[in-house]
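Here, each number is a calculation from the coordinates, and none is a lab measurement. Predicted model, so just to flag it, every value in this text is computed and none were measured. Every residue, glycine among them, receives a Cβ derived from its backbone with ideal geometry; neighbour counts consider all protein chains shown.
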Amino acid sequence: MNQSTIELDGKSNERNQAISEFIGYGSNYYQQQFDRLDESTTPIFSFNSAAALLGPVWWAARHLWVGFWVFLFFEGIAFVQIFRGLLADLGSDEFARADRLAKMAEIRQNEADEAAAIGADNADVLLESALALNSASQKAWSQAEQIAAQAPFLIILGIALVLAVKVVQGLIANKVLKSRFQRWRADKSLPTGVDQLQILLTGGFYLAVLITSVYRFSATNVPDWLKEIPVEPSWRRSAESVIDNAVQWLTETFAVFFSGITLTIRQLLDFLETVMIGTPWIITMAVIVLISAKAAGKRVAIYTAAALFYLGIFGFWEKSMLTVALLGTACLICVVLGIPLGILCQRKERVRSFVWPILDLMQTMPSFVYLIPVIAFFGIGKPPGIIATIIFGMPPVVRLTVLGLQGVPNHIREAATAFGASKLYLLLRVDLPLARPSIMAGVNQTILMCLSMVVIASLIGAKGLGEDVLDALTYAHEGKGILAGVAILFCAMILDRIVQSRS
């Protein structure tokens, strides 16, 4: 026996031991199947009967949870169809509806006969109503019979789906388990073997899901608690009352604080409105075109000039500049607060663990929901609209600042520290310059998200282009709404091109 044969045998023994450690019960079978899959260069037939018979329980036992949930879903659908065909009273609702219509038709017919007997004027109307109800009853009865006749089809469909799902599980089980075995060899932290307690728990869960689903869709009289979650209306009313009282207390207690925020935003907004609207339009337009040319080149400058011409020729110039002033105020506050907050989150894990759920809340909560506390604390008008925009637009700049700082290579920071760089120098001259592309992407996303709030903010008096879109929605003026929407689009694209070029 030569040296190469000895090495191959050693590797084979080592692999078989690893398979035994990973598989646990039934390792011999899986050793053979894994060898077959490795030796073949073309797809081969490998059927796992245990996976086919046990279904989702096998996938859970082998810690393949994606397969467990996917096949639990499909097997649940299949068994529900089978038992619906066997046990459910198909068409019962339509039969009941047909009976109700027939009784109503009979009552109306009697009324028509009585009216005809006394020579009433509405006898013909009542007769037509009786005929219409009788026709509707016959149609409902016919539909009910068609639904009831679907029982054999549902049974056959369910059985076919069960068999198909079982065959698919058997065919892919060994390949998927082998792939997980390869991941386990690279990461030994993955769970191995078969956990008997886990089999019992997932098996019980599997049966509970099937039994409950079959009963829900097959039984004639299903309990109300299974159809809907039991609700106690008094709990909701109590919670609403507590929230109302809390908001009222906060509004009254911190009125000075909220007024100070509103005044600060108002002063910044007034300054930007004076610059954007008070300056002669030709100067403002020329400055914007020159900035775009300097930042992004001639093509973007030509596009910017054409977009500004559109805003001016259709009468959107003043409202566009007002929108940009609102947007600029919101974005300036987002950047001034967001970038330092992102730096702090990257440096302090405790701060990030506290701030991250708040950012998740700001991003996932629907915009109309946080308009409610904004109105309660700040009233209506432009400053509350800016505050709502800040809530919606700040998360991207914070998250991407953290992401950019985390992407700074450690060896560069270590080299700068070795040359005596202070923490402030390291931040200003190393971290922030290297993280600049990510930070600028965050600023760009913040600008666009703030601009997407102009219509919603107009609901609480923020004015600007969003007001035209809101009016168009209210009074169904399609042309006005589309023109204003295109104006918002042009504003967004100009800002996007300029900011992207500077990143």
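Cross-link reach is defined here as a Cα-Cα straight distance under 20 Å, omitting same-chain residues fewer than 8 places apart; for Lys298 the aspartates and glutamates meeting it are Asp496. Name the shape class, rounded, prolate or oblate, that the alpha-carbon gyration tensor gives for the range 256-502, where a ≥ b ≥ c are the square roots of its eigenvalues, rounded holds for a/c under 1.5, and otherwise prolate holds if a/b is larger than b/c and oblate otherwise. Judged from the Cα gyration tensor, the range 256-502 comes out oblate (a/c at least 1.5, b/c at or above a/b). Measuring against 32 Å, Cα to Cα, the residue pairs Lys188/Lys423; Lys382/Lys480; Lys166/Lys227; Lys139/Lys227; Lys103/Lys227; Lys294/Lys423 contain Lys188/Lys423; Lys294/Lys423 as the ones spanning a longer distance.
The chymotrypsin sites (Phe, Trp or Tyr not before Pro) found in the range 34-83 that occupy coil by DSSP, while having at most 10 further C-beta atoms within 10 Å, are Phe45. Would you mind classifying the range 92-149 by shape? Square roots of the alpha carbon gyration tensor eigenvalues, ordered a ≥ b ≥ c; an a/c under 1.5 is rounded, otherwise it is prolate if a/b is larger than b/c and oblate if not. Cα axes put the range 92-149 in the prolate bin. For the range 105-248, the square roots of the Cα gyration tensor eigenvalues, ordered a ≥ b ≥ c, give a/c of at least 1.5 with a/b no greater than b/c, which places it in the oblate category.
Using just its DSSP H runs of length 4 or more, each adding -39500 (n - 2.57), the chain gives a mean residue ellipticity at 222 nm of -27500 deg cm²/dmol after division by all residues.
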